[in-house]
1. Quick check: is even one residue across the stretch 306-313 more than 30 Å from E387 (Cβ to Cβ) and at pLDDT 95 or above?
2. Inside the stretch 81-123, can you point out the residues that are in a strand (DSSP E or B) and of a type in the set (A, V, I, L, M)?
3. Taking only the stretch 483-520 into account, find how many residues are more than 15 Å from the chain's Cα centre (by Cα) and within 11 Å of the ligand (Cβ to nearest atom).
4. Can you pull out every residue in the stretch 92-142 that is in contact with a helix residue (DSSP H, G or I) (Cβ under 8 Å, 6 or more places away or on another chain) and within 21 Å of L246 (Cα to Cα)?
5. Does at least one position in the stretch 364-371 carry a residue that is over 17 Å from S461 (Cβ atoms), open to solvent by 70 Å² or more (accessible area, probe 1.4 Å), in a loop (DSSP other than H, G, I, E, B) and of a type outside the set (A, V, I, L, M, F, W, C)?
6. Scanning the stretch 342-363 for residues that are more than 13 Å from G32 (Cα to Cα) and part of a strand (DSSP E or B), which turns out nearest to the chain's Cα centre (by Cα)?
7. What about Y92, is it open to solvent by less than 60 Å² (accessible area, probe 1.4 Å), more than 21 Å from R197 (Cβ to Cβ) and of a type outside the set (D, E, K, R)?
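The values are calculated or read from the model by the stated rules, or taken from the named source; none is laboratory data. These numbers were taken from a predicted model, which means no experiment stands behind them. FYI the Cβ positions are ideal-geometry reconstructions off the backbone, even for glycines, and counts take in every protein chain you see. When the accessible area is computed, the model is the full protein with side chains, heavy atoms only, and any ligands, DNA or RNA have been set aside. Shrake-Rupley method; radii C 1.70, N 1.55, O 1.52, S 1.80 Å.
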Amino acid sequence: MKISRREFLRLGLAGGVTLALGGSACSGSGEGSTGTVLPSKAKVPEPFKVPLPVPPVLEPARTDAGADYYEITQKAGRVEILPGLQTEVWGYDGIFPGPTVESRSGRKIIVRQRNELPVPVSTHLHGGRTPPESDGYPTDLIPPKNMAHDHSTTGHGSMGTGGSRHSKDYVYPLEQRAATLWYHDHRMDFTGPQVWRGLAGFHIIRDDEDDALLLPKGERDVPLMICDRSFDEDGSFLYPSLDHSLKGKPGVEDDYMDGVLGDTILVNGAPWPVLEVSATKYRFRILNASNARRYELALEPANHAPFVQVGSDGGLLGAPIGHRTIRIAQAERFDVVVDFSKYSVGDEITLKNHTGQGKTASVMRFRVARKENDDSTVPRRLSDMTEFDGLNKSSAGRTREFRFTRVADGGRTMWGINGEPFDPERMAARPELGSTEVWHLKAAPAAHPIHLHLVHFKVLSRNGRKPLPTDAGWKDTMDLASGEEARVLVRFDGYRGRYVFHCHNLEHEDMMMMANFEVV
Ligand SMILES: [Cu+2]
């Protein structure tokens, strides 16, 4: 087998190169993540100088007895992320993060997505139990206005109910429990660069069970979208695309095929921001929206106030779990309560990233500004998890095995599942609606956060042993380190049709680490 220059370096044959990146010798591990750091050409800003922005909540355009209707336009916008410089973002409504959609469990919403960007787009609601025609399949594209004859836009993207050629109505029945979801671009071959430019936003589903708890609410219920970016000299986003127009050849420069790591950490679009808090409890809905970076989050000083996890990808846990640190991979969500009453007014608490180096070892800062009354509590029982608890191996029909590895595709090294790069025509599994299966997932020779559309699953075991405390609750994304394997129980509920599952390292996904399953 011919080995590429990149492979040559990775295997350590050139001596010391991978070590210099701070990773293990067996993979391109920059800062504890599978990927390579892309240095900014602009000056990286000083941390803790700007306030934490919170994305606006989107108002429905109209509402009737059956549904709420929303409209979002995907377009370019300009924002100041680095002091004194302008960054062009491609955003939902031209902002980054996009507006937050807040919905009610069981109440249908219809989101009309309009495309005013120069490229095709597809919007996926991550964590949504969504009919296949609204799930944002990678080739189900909304074409741009200037691309009428492109063959890659022949999906039924433009045929959504009531949409025009450059818009699509996504129908979300939201027959699912309260949870923190997010929506982002899912265009075939170009998800990495399009999310990097800003196509990501929160979608929070609420329900009566969650509302009835006395968890922190209102201004003390804060979504935190953490991601990393790098910047060109003029302040624009830097990304190593082979074709920066994103209209021609997909992919990234060879050195970044393991993943693109930025050197600037953003929370809700601002670099290392500060949030002034009262000495009370706060609920933080933490999302890792990075392309390739993992974080190991910790509070410093800790003051005996760990993260109290109340929810996972799929909503509330049965009971809270305390964590000193939280390892969060791409696309995972951790819903946590932090109790600032353990600190004094004037204290500054930094949210650290134990796998980062230098500036990337910090994420943001909290400043305790005042005392305030607090009647919120974290109850010992959060949610009825009868269905989850009852799910065990004996409920499962068949077991399938999926290996996430490198594959050769026409002489180029790509990523694939069970030795195959993604092919929209190939079906990797046909589970029956209502059935439960064990999926045995294996990752090598790199770390892979594995995401299944449509469903939520329960982690049964990791490397033949008990799952980690951070694997608790309903998951839709599970992180595997290089060489790890896990068994998960998946219940195929909801809708019949074709969906994808894939690695959520977006560079791996764009380089074909994706496959179809069809619920029959
Ligand atoms: Cu991967």
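1. As a first pass, look at the stretch 306-313 and keep what is more than 30 Å from E387 (Cβ to Cβ): none.
Scanning the stretch 306-313, I find no residue that is more than 30 Å from E387 (Cβ to Cβ) and at pLDDT 95 or above, so the answer is no.
2. Here is the first cut: in the stretch 81-123, the ones in a strand (DSSP E or B) are 87-92, 95, 100-104, 109-115, 121, 123.
Listed by number, the residues that qualify are V89, I95, V101, I109, I110, V111, V121.
3. The number of residues fulfilling the criteria is 4.
4. V119, P120, V121, S122, P138, T139, D140, L141, I142
5. First, the residues of the stretch 364-371 that are over 17 Å from S461 (Cβ atoms): 364-371.
Among the residues that remain, those that are also open to solvent by 70 Å² or more (accessible area, probe 1.4 Å) are: 367, 370-371.
From the residues that got through so far, the ones that are in a loop (DSSP other than H, G, I, E, B) too are 371.
Cutting the leftovers down to of a type outside the set (A, V, I, L, M, F, W, C) gives us 371.
Checked against the condition, which is being over 17 Å from S461 (Cβ atoms), open to solvent by 70 Å² or more (accessible area, probe 1.4 Å), in a loop (DSSP other than H, G, I, E, B) and of a type outside the set (A, V, I, L, M, F, W, C), the stretch 364-371 yields at least one hit.
6. That would be V363.
7. On the way: open to solvent by less than 60 Å² (accessible area, probe 1.4 Å): yes; more than 21 Å from R197 (Cβ to Cβ): no; of a type outside the set (D, E, K, R): yes.
Here the answer is no, as Y92 does not meet what is asked.
For every residue, the table says whether it meets (1) open to solvent by 40 Å² or more (accessible area, probe 1.4 Å); (2) part of a strand (DSSP E or B); (3) at pLDDT 95 or above.
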| site | (1), (2), (3) |
| --- | --- |
| F284 | no, yes, yes |
| A292 | no, no, yes |
| N303 | yes, no, no |
| I321 | yes, yes, yes |
| V337 | no, yes, yes |
